[in-house]
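Comments concern the structure below.
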Amino acid sequence: MFGLDPAILAVMIAVTLFAGFVKGAVGFAMPTIMMSAFASVLPPQTALAALILPTLVTNLIQAGRHGIGPAAQTVRRYRWHIGAVALFILVSAALIQSVPQSLMYLLLGVPITGFAVWQLSGRPLALPIRHARRAEIVTGVIGGLYGGISGIWGPPLIVYLLSIGAPKAEQMRVQGVVFLMGAVVLTLAHLASGVLNAQTLPLSALLVVPGLVGMLIGLRVHDRLDVAQFRRWTLVLLILTGLNLVRRGLEILTD
């Protein structure tokens, strides 16, 4: 099916189910988990294509969970970050064939890991209000640049939200809205680039189902987490995400 060994397809479905669960519980890391696993058994561009539709649909649910009104307010509040992500996903998607992915993974993974370890050590990094807008734009640019190439643009936003101390419900909603905007742009960009095509679209569509099932289970867990638990698990997952990006960068570099 889809030109894949049935065993590989079964693994992809299981990975997507787990990634959806994590997405529901803490609001991010779905494309990171999927890309990490898929890239081990598929060509990088096919791996990227496979995660696009599940990411798009689950972000739609996350963004709208509290209603259209709060989602619209989030768009207005974080418009600079959203605009930067959208613009630079388009820029970097056009460069997917020429940018060295090893360097991109390393430049993203090392500082993210360092930030999360620093936060977990009990020394939180708080952004002065006068610098918040600048940080919002810069993290959007960084997320967009990485997103068009790897399908991963969430970690810089998580760093920003943690550093300004965003409440749990707001963080989940902001992640959903920003990720949804980025997912729409990513989908359109790779329909144009050819990454999403007649061969990869059906595979990506199939993976929407386990992604949704996993997310619904994860949302039940999320609702039981208090603020401290949510923040702690977010940081732990951010560390794992950063370390995995470093691993992937070194792996590509030494191939």
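We did not get these values from a lab; they are worked out from the coordinates using the rules stated. Computed from a prediction, not measured in an experiment: that's the story for all the values here. Positions of Cβ are backbone-derived with ideal geometry, glycine not excepted, and every protein chain shown enters the neighbour counts.
Per-residue answers, yes or no, for (1) in contact with an Asp or Glu (Cβ under 7 Å, 6 or more places away or on another chain); (2) over 19 Å from residue 244 (Cα atoms); (3) buried (at least 19 other Cβ atoms within 10 Å of the Cβ):
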{"residue": "5", "(1), (2), (3)": "no, yes, no"}
{"residue": "8", "(1), (2), (3)": "no, yes, no"}
{"residue": "20", "(1), (2), (3)": "no, no, yes"}
{"residue": "29", "(1), (2), (3)": "no, no, yes"}
{"residue": "33", "(1), (2), (3)": "no, no, yes"}
{"residue": "38", "(1), (2), (3)": "no, no, yes"}
{"residue": "43", "(1), (2), (3)": "no, no, no"}
{"residue": "51", "(1), (2), (3)": "no, no, yes"}
{"residue": "64", "(1), (2), (3)": "no, yes, no"}
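Let me confirm something: among 195, 178, which residue is under 27 Å from residue 9 (Cα atoms) and in contact with a helix residue (DSSP H, G or I) (Cβ under 6 Å, 6 or more places away or on another chain)?
Values: 178 fails: under 27 Å from residue 9 (Cα atoms).
Criteria check complete, one pass: 195.
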Note down all Cβ pairs under 8 Å where the first residue falls in the range 37-50 and is without any contact (Cβ under 8 Å) to a residue 12 or more places away in the chain, the second is part of a helix (DSSP H, G or I) and of a type outside the set (A, V, I, L, M, F, W, C), and they're at least six residues apart or on different chains. none
Testing residue 75 on (1) farther than 23 Å from residue 231 by Cα; (2) surrounded by fewer than 20 Cβ atoms within 10 Å (Cβ to Cβ), one condition comes back false. Which one is that? (1)
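Look at residue 232 and say whether it is of a type outside the set (Ser, Thr, Tyr) and either in a loop (DSSP other than H, G, I, E, B) or closer than 18 Å to residue 164 by Cα (or both). Spell out how you get there, then give the answer.
Details: of a type outside the set (Ser, Thr, Tyr): yes; either in a loop (DSSP other than H, G, I, E, B) or closer than 18 Å to residue 164 by Cα (or both): yes.
In short, yes.
For every residue, the table says whether it meets (1) touching a Leu at 6+ places or on another chain (Cβ under 9 Å); (2) assigned to a helix (DSSP H, G or I); (3) hydroxyl-bearing (Ser, Thr, Tyr).
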site	(1), (2), (3)
11	no, yes, no
54	yes, yes, no
58	yes, yes, yes
62	yes, yes, no
65	yes, no, no
71	yes, yes, no
81	yes, yes, no
85	yes, yes, no
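Could you tell me which of the residues 187, 139 is hydroxyl-bearing (Ser, Thr, Tyr), closer than 22 Å to residue 63 by Cα, surrounded by fewer than 22 Cβ atoms within 10 Å (Cβ to Cβ) and in contact (Cβ under 8 Å) with a residue 40 or more places away in the chain? First the steps, then the outcome.
Values: 139 fails: surrounded by fewer than 22 Cβ atoms within 10 Å (Cβ to Cβ).
187 is the lone residue from the list that is hydroxyl-bearing (Ser, Thr, Tyr), closer than 22 Å to residue 63 by Cα, surrounded by fewer than 22 Cβ atoms within 10 Å (Cβ to Cβ) and in contact (Cβ under 8 Å) with a residue 40 or more places away in the chain.
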In the range 207-229, residues that are under 17 Å from residue 48 (Cα atoms) and not in a helix (DSSP H, G or I) total 1
